[in-house]
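So the structure is just underneath, and the comments pick up after that.
Since every read-out is calculated from the coordinates, none of them should be taken as a lab result. All of these numbers come straight from a predicted model, not from anything done at the bench. Neighbour counts run over all protein chains shown; Cβ positions are idealised from the backbone, glycine included.
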Amino acid sequence: MQLRRGDVFETLEYKASDGIATIRLNRPEKRNAYNARMMNELVAAFDRSDADDDVGAVILTGSGDAFCAGADLSGGAGTFAQLSEDPERAALRHGGLWRDGGGVASLRIFESLKPVIAAINGPAIGVGATMILACDVRIASDTARFGYVFTQRGLVPEAASSWFLPRIVGLSRALEWTMGACMVAADEALEAGLVRELCARDDLIPRARAIARRFLSGSRVAAALTRQMMWRMAGAAHPMEAHRVDSRAIAALRSSPDTMEAVAAFLQKREANFASQVSDGMPDIWPDGSGPKFY
């Protein structure tokens, strides 16, 4: 099901104020369990935040006492077998194969043109523990837990977590957590670098907004390019690949209005007034032409 940016959400809450969009998983009666509708709405919500020039950062969080309890298993033992019958997933079919629904959301977060902070307000299980890996900053309530329980469900980790998780916590820890179907306590997640800090639940959103405000002072275009460069170069085989991309980005920006304004502001000892927006179009800095799809 293709949603438009202006559609009313059923599984999410979307609010934007003071340059920050908050996307809140909003099925508290199901502990924010993930279904195909939520998948499609997350894509539409990030489309909305990317298209809004007033938004400079995004917070992803949950309603109630859980972030996300994982996949909605209300369909019973055949829940996963029945996924192909869900009309909300029709666009995921490619020949005889079906794309993983968790990966649709995590890849959309990965492609965000705005920085993304995950504010994990409680237990994050299964896809709840993997979709957050594509966020740039993760903070958590001290009551949060992270469940990489896939093997206990007869499944493997999804949402592209075999790419993300080892890069964040290291290969050995990622293997231990996933093969062992571990429930990871908040303090272990902090020690491993899965989250950058813990705080009381009541302080979580104010703290996330404080972090988000750090991303509002610079050029929106430069921030969007920086985000994609860092993520994509994490998988580069040699630093020369990063050098090529860096060089193309510097060449694209060095005469831009934002760069000239920044230099003038520095010399005049004043705050820069950046006017360029991601909606104006993004420079193509990818030598192989395989850059992210900009919305």
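Just a few scattered comments:
- Crossing angle, helix 36-51 versus the chain [Cα axis fit, 0-90 degrees, rounded to tens]: 10 degrees
- Lys-Lys pairs in the chain that are eight or more residues apart or on separate chains and whose Cα atoms lie under 30 Å of each other come to 6.
- Springs between Cα atoms under 10 Å define the GNM used for the chain, and in it the highest mean-square fluctuation of P166, P257, P115 occurs at P257.
- Span per principal axis, largest first, for the Cα atoms of region 127-166 (Å): 29, 22, 14
- Calculated from backbone phi, Karplus (6.51, -1.76, 1.60) coupling profile of region 109-124 in Hz, x at Gly/Pro: 5, 4, 7, 4, 8, 10, x, 10, 10, 8, 10, 8, 7, x, x, 10
- Estimated Rh, region 104-155: Kirkwood, alpha-carbon pairs, angstrom: 11.7 Å
- Simple spin-label estimate for S172 and V156 in nanometres, 7 Å along Cα-Cβ: 2.4 nm
- Share, in percent, of DSSP beta bridges within region 15-69 that are antiparallel, nearest 5: 35 percent
- Simple Cβ-charge dipole of region 12-214, Lys/Arg +1 and Asp/Glu -1, about Cα centre, in debye nearest 20: 140 debye
- Taking Cα atoms only, the orientation of helix 239-253 departs from the longest principal axis of the chain by about 50 degrees.
- Using a cutoff of 8 angstrom between alpha carbon atoms and counting only pairs six or more residues apart, the relative contact order for region 220-280 works out to 37 percent.
- The Cα atoms of the chain define a convex hull whose projected area, averaged across directions, is 16.5 nm².
- Going from the fewest other Cβ atoms within 10 Å to the most, the residues M229, M240 appear in the order M240, M229.
- Which of T130, T178, T143 has the fewest Cβ neighbours within 10 Å, and the rest in rising order: T143, T178, T130
- The chain: most fluctuating residue of S247, S219, S106 per GNM, C-alpha cutoff 10 Å: S247
- Between 0 and 90 degrees, the angle of helix 204-214 with respect to the longest Cα principal axis of the chain falls at about 30 degrees.
- Amide hydrogen proximity for T22: with H placed 1.01 Å from N in the peptide plane, the residues at 5 or more positions away or on another chain lying under 5 Å are K15, A16, S17, I59.
- Among R254, R213, R173, residue whose mean-square fluctuation peaks in a GNM of the chain (springs only between Cα atoms under 10 Å): R254
- Rg/Rg_ref, region 154-277, where Rg_ref = 2.2 N^0.38 Å and atoms are Cα: 1.42
- Considering helices alone, the calculated mean residue ellipticity of the chain at 222 nm is -11000 deg cm²/dmol, with DSSP H runs of length four and up weighted by -39500 (n - 2.57) and normalised per residue.
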